[in-house]
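Undergrad: Take a look at the following structure, please.
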Amino acid sequence: QVQLVETGGGLVQPGGSLRLSCAASGFTFRLFRMGWYRQAPGNERELVADIFSLSNYANSVKGRFTISRDNAKNMVYLQMNSLKPEDTAVYYCNAHRTSGSMRYDYWGQGTQVTVSS
């Protein structure tokens, strides 16, 4: 079955770094756009970054976060540098594909990132 398993979250001080990883299985990884979303308490889930062959970033993380993928390992990563308290959220891995009239969206369980001194 489809699985997306995020790891790498935790508590970090402002200005610090974290690297999130997402291990994917149960679908043809290379055909899917992979993304990282986040949701803070009281807020809607928002796109942080996604990647197929090219990557795309939310304005709030441009220059600080880097998304990458390894199609041989079915992995997607999010390197987060210069973290700010407003980056605190649950981060979710997403796999998306549209094929004709079919739309596929898979989600991981989320990993908590807390930026605080």
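Undergrad: Which of the residues that make up segment 60-70 are surrounded by fewer than 16 Cβ atoms within 10 Å (Cβ to Cβ) and within 17 Å of Gln3 (Cβ to Cβ)? Give the steps one after another, and end with the answer.
TA: Filtering segment 60-70 for residues surrounded by fewer than 16 Cβ atoms within 10 Å (Cβ to Cβ) gives 60, 62-64, 68, 70.
Across segment 60-70, the qualifying residue is only Asp70.
Undergrad: Of the residues that sit in segment 8-49 and are within 17 Å of Thr66 (Cβ to Cβ) and of a type in the set (Ser, Thr, Tyr), which one is surrounded by the most Cβ atoms within 10 Å (Cβ to Cβ)? Break it down stepwise before answering.
TA: First pass over segment 8-49, keeping only residues within 17 Å of Thr66 (Cβ to Cβ): 8-9, 12, 15-22, 33-38, 47-49.
Of the ones still in play, those that are also of a type in the set (Ser, Thr, Tyr) are 17, 21, 37.
Values: Ser17: 11, Ser21: 17, Tyr37: 21.
Filtering first and then ranking leaves Tyr37.
Undergrad: Then there's this: Going by the structure shown, is Gly63 of a type outside the set (Lys, Arg), closer than 19 Å to Gln112 by Cβ, without any contact (Cβ under 8 Å) to a residue 24 or more places away in the chain and outside any strand (DSSP E or B)? Full working, then the answer.
TA: Working: of a type outside the set (Lys, Arg): yes; closer than 19 Å to Gln112 by Cβ: no; without any contact (Cβ under 8 Å) to a residue 24 or more places away in the chain: yes; outside any strand (DSSP E or B): yes.
When the stated conditions are applied, Gly63 does not pass them.
Undergrad: Also, quick follow-up: Looking only at residues in segment 19-47 that are of a type in the set (S, T, N, Q) and either in a strand (DSSP E or B) or closer than 21 Å to Gly8 by Cα (or both), which one is nearest to the chain's Cα centre (by Cα)? Can you show your working first?
TA: At the first step, the residues of segment 19-47 found to be of a type in the set (S, T, N, Q) are 21, 25, 28, 39, 43.
Pick out the ones that are also either in a strand (DSSP E or B) or closer than 21 Å to Gly8 by Cα (or both) and you get 21, 25, 39.
Working: Ser21: 8, Ser25: 16, Gln39: 11 Å.
Per the criteria, the residue is Ser21.
Undergrad: Quickly run through segment 48-60 and pick out the residues that are in a strand (DSSP E or B) and either under 23 Å from Gly26 (Cα atoms) or among the hydroxyl-bearing types (Ser, Thr, Tyr) (or both).
TA: So in segment 48-60, the residues in a strand (DSSP E or B) come out as 48-51, 55-57.
Of everything in segment 48-60, those that are in a strand (DSSP E or B) and either under 23 Å from Gly26 (Cα atoms) or among the hydroxyl-bearing types (Ser, Thr, Tyr) (or both) turn out to be Ala49, Asp50, Ile51, Ser55, Tyr57.
Undergrad: Would it be correct to say that Gln112 is touching a residue at least 12 places away in the same chain (Cβ under 8 Å), over 10 Å from the mean Cα position of the chain (by Cα) and under 25 Å from Asn43 (Cβ atoms)? Steps first, please.
TA: Values: touching a residue at least 12 places away in the same chain (Cβ under 8 Å): yes; over 10 Å from the mean Cα position of the chain (by Cα): yes; under 25 Å from Asn43 (Cβ atoms): yes.
Considered against the rule, which asks whether it is touching a residue at least 12 places away in the same chain (Cβ under 8 Å), over 10 Å from the mean Cα position of the chain (by Cα) and under 25 Å from Asn43 (Cβ atoms), Gln112 comes out as yes.
Undergrad: What are the residues in segment 82-114 that are in a strand (DSSP E or B), out of contact with any Lys or Arg (no Cβ under 6 Å at 6 or more places or on another chain) and open to solvent by less than 40 Å² (accessible area, probe 1.4 Å), if any? Break it down stepwise before answering.
TA: First, the residues of segment 82-114 that are in a strand (DSSP E or B): 89-99, 102-107, 111-114.
Those still in the list that are out of contact with any Lys or Arg (no Cβ under 6 Å at 6 or more places or on another chain) too: 90, 92-95, 97-99, 102-103, 105-107, 111-114.
Val90, Tyr92, Cys93, Asn94, Ala95, Thr111, Val113 - these are the residues of segment 82-114 that are in a strand (DSSP E or B), out of contact with any Lys or Arg (no Cβ under 6 Å at 6 or more places or on another chain) and open to solvent by less than 40 Å² (accessible area, probe 1.4 Å).
The values are calculated or read from the model by the stated rules, or taken from the named source; none is laboratory data. Everything numeric here is computed off the predicted structure, so don't read it as measured data. No Cβ is skipped: glycine too gets one built from the backbone with ideal geometry, and neighbour counts run over all protein chains shown. Quick note on the areas: whole protein, heavy atoms, side chains included, nothing else; ligands and nucleic acids left out. Shrake-Rupley method; radii C 1.70, N 1.55, O 1.52, S 1.80 Å.
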